[in-house]
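Shown next, in structure tokens, is the structure this report addresses.
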Amino acid sequence: MMMFSLRRILVVSLVLLATVPAVLVAWMLTRASAQAVDDLAGKMLTQVAAVVQTGTEAHLRQAHEALDGLFPERVGGAELERARSWMRNPSQFEAMAFALTRQSGDVPVMHFGNLRGEYFGVQAAADGARVAIRRPDGAGRMFYQARYPGDRSRLVELEERNYEPRTSPWYAGALEAK
């Protein structure tokens, strides 16, 4: 028969009695903290998504309000003829675009282009607006610093390369949306 020392039996039993509950507690805490981290991450992502959605909706509302400043939602009769006239000559948008870009902080730039390749853009600036014009002949854009609609006294830049608005993403999106 084998004999074991009482000291060894007591040490082994004490080590087991201390280790088993410690391992169980560590396992439960790890599981609970992982679940808490997942819950917190889910709440944070939900809040971020809500903030992004609210901001995007507000920006789209601003863009829609700016477009409503140009044309009513349902274009017909005299407004339709005016819209067609403006599209034949995009620079006729200037006065309205000048006012709308200055008025709306969320829509500081407006672009207009037509099928002939003419382009007209207005970007709000501290001392007026930056106006970009491309003629239908295919030359680069001319950029002016304008204090008021129609001001062409300060030519800021002249593009040498051909800017083709009909290949830009905003133009393709506008055609797709009709």
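The values are calculated or read from the model by the stated rules, or taken from the named source; none is laboratory data. As the structure is a prediction and not an experimental result, all values here were calculated from the model. All Cβ positions, glycine included, derive from the backbone under ideal geometry; neighbour counts span all protein chains shown. SASA here: full protein model, heavy atoms, side chains in, ligands and nucleic acids out. Shrake-Rupley method; radii C 1.70, N 1.55, O 1.52, S 1.80 Å.
What to note about this one:
- Condition check for M44: in contact with a Leu (Cβ under 6 Å, 6 or more places away or on another chain), of a type outside the set (S, T, N, Q) and assigned to a helix (DSSP H, G or I): no
- Among residues of the range 132-143 that are more than 15 Å from Q92 (Cα to Cα) and without any contact (Cβ under 8 Å) to a residue 24 or more places away in the chain, those with a beta-carbon under 6 Å from a residue that is of a type in the set (G, A, S) and assigned to a strand (DSSP E or B) at least six positions away or on a different chain give the pairs R141/A132; F143/A132.
- Residues that are closer than 30 Å to T56 by Cβ, in contact with a helix residue (DSSP H, G or I) (Cβ under 8 Å, 6 or more places away or on another chain) and either open to solvent by less than 80 Å² (accessible area, probe 1.4 Å) or among the hydrophobic types (A, V, I, L, M, F, W, C) (or both) are absent from the range 139-159 altogether.
- Of the residues making up the range 108-133, those that are of a type in the set (V, I, T) and open to solvent by less than 20 Å² (accessible area, probe 1.4 Å) are V122, V131, I133.
- Check on Q123, closer than 27 Å to G55 by Cβ and modelled with pLDDT of 80 or more: yes
- Flag if P169 is closer than 28 Å to T54 by Cβ, without any contact (Cβ under 8 Å) to a residue 12 or more places away in the chain and either among the polar types (S, T, N, Q) or open to solvent by 30 Å² or more (accessible area, probe 1.4 Å) (or both): yes
- Taking each residue of the range 40-57 that is under 19 Å from G105 (Cβ atoms) and in contact (Cβ under 8 Å) with a residue 12 or more places away in the chain and looking for partners that are open to solvent by less than 90 Å² (accessible area, probe 1.4 Å) and in a helix (DSSP H, G or I) with beta-carbon atoms closer than 8 Å, six or more apart or interchain, yields nothing.
- Taking the criterion of being under 21 Å from M96 (Cα atoms) and polar (S, T, N, Q), the only residue of the range 147-178 that qualifies is S153.
- For the range 1-15, filtering for residues that are exposed (fewer than 10 other Cβ atoms within 10 Å of the Cβ) and assigned to a helix (DSSP H, G or I) leaves 3.
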